[in-house]
Amino acid sequence: MYSEDIELAKNARLKAYSPYSNYQVGAVLRTKSGKAYIGCNIENHGIQGICAERTAFAKALSEGEREFESITVVGGKKGEEARDKCMPCGYCRQFMSEFVNDNFKVYVVDRDNNVSEFTMGDLLPYGFKI
Ligand code: ZN
């Protein structure tokens, strides 16, 4: 894990557009070459909001990136410190699994900068595959 990813994720979190849930999430996606793509959650009136993790992936994928190392996630209520474990939702787990293998690392950071480490295999052991 890159040491600056905690701060990058926290800064990304502050960019969240979440007027309905008031829940802010930031994510930093690292490519295998070390490049960082940040993402935040973006809501709207409908149900088509996007999570921070998928925002980061969409930015990287649309730039042609295909090899990913890790994602770092931090989240919590607006105006509050990060919660204990802001885990990727089921949709994001399935989405990410399309582009990474079971060894892809998922780091979840809490308010005290404690890092919980998971692998894609931990989070989605029996993901849907065609
Ligand atoms: Zn999600």
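All of the numbers you see were taken from the coordinates with simple rules; none came from a lab. Predicted, not measured: the structure shown is a model, and the values here were computed from it. Here the Cβ is made from the backbone with ideal geometry for all residues, glycine too, and neighbour counts use every protein chain on show.
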Would you call Gln94 within 23 Å of Ile130 (Cα to Cα), within 16 Å of the ligand (Cβ to nearest atom) and of a type in the set (S, T, N, Q)?
-> yes
Looking at the range 27-47, is at least one residue in contact (Cβ under 8 Å) with a residue 60 or more places away in the chain and small (Gly, Ala, Ser)?
-> no
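Report the residue count in the range 55-82 for those that are assigned to a helix (DSSP H, G or I) and either more than 20 Å from Gly34 (Cβ to Cβ) or β-branched (Val, Ile, Thr) (or both). Step through it out loud before you land on a result.
The first filter runs over the range 55-82 and keeps only residues assigned to a helix (DSSP H, G or I), leaving 55-62.
Keeping just the survivors that are either more than 20 Å from Gly34 (Cβ to Cβ) or β-branched (Val, Ile, Thr) (or both) gives 55.
Here the count works out to 1.
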Options Tyr17, Tyr37; residue that is among the hydroxyl-bearing types (Ser, Thr, Tyr) and buried (at least 20 other Cβ atoms within 10 Å of the Cβ) | Tyr37
Candidate set from the range 38-67 (those that are more than 18 Å from Tyr107 (Cβ to Cβ) and touching a helix residue (DSSP H, G or I) at 6+ places or on another chain (Cβ under 9 Å)); member that is nearest to the ligand (Cβ to nearest atom) = Ile50
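Taking the stated definitions as given, is Lys85 assigned to a loop (DSSP other than H, G, I, E, B) and within 16 Å of the ligand (Cβ to nearest atom)? Can you show your working first?
Working: assigned to a loop (DSSP other than H, G, I, E, B): yes; within 16 Å of the ligand (Cβ to nearest atom): yes.
Answer is yes for this residue.
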Checked the range 53-67 for anything more than 18 Å from Glu43 (Cα to Cα) and either aliphatic (A, V, I, L, M) or crowded, with 23+ Cβ neighbours inside 10 Å (or both); matches are Ala60, Leu61
Go through the range 82-113 and give me each residue that's more than 17 Å from Leu8 (Cβ to Cβ) and either exposed (fewer than 12 other Cβ atoms within 10 Å of the Cβ) or of a type in the set (Asp, Glu) (or both).
-> Asp84, Gly90, Glu98, Asn101, Asp102, Asn103, Asp112
Residues of the range 6-54 being part of a helix (DSSP H, G or I), more than 20 Å from Asn101 (Cβ to Cβ) and touching a Phe, Trp or Tyr at 6+ places or on another chain (Cβ under 9 Å), which ones?
-> Ile6, Leu8, Ala9
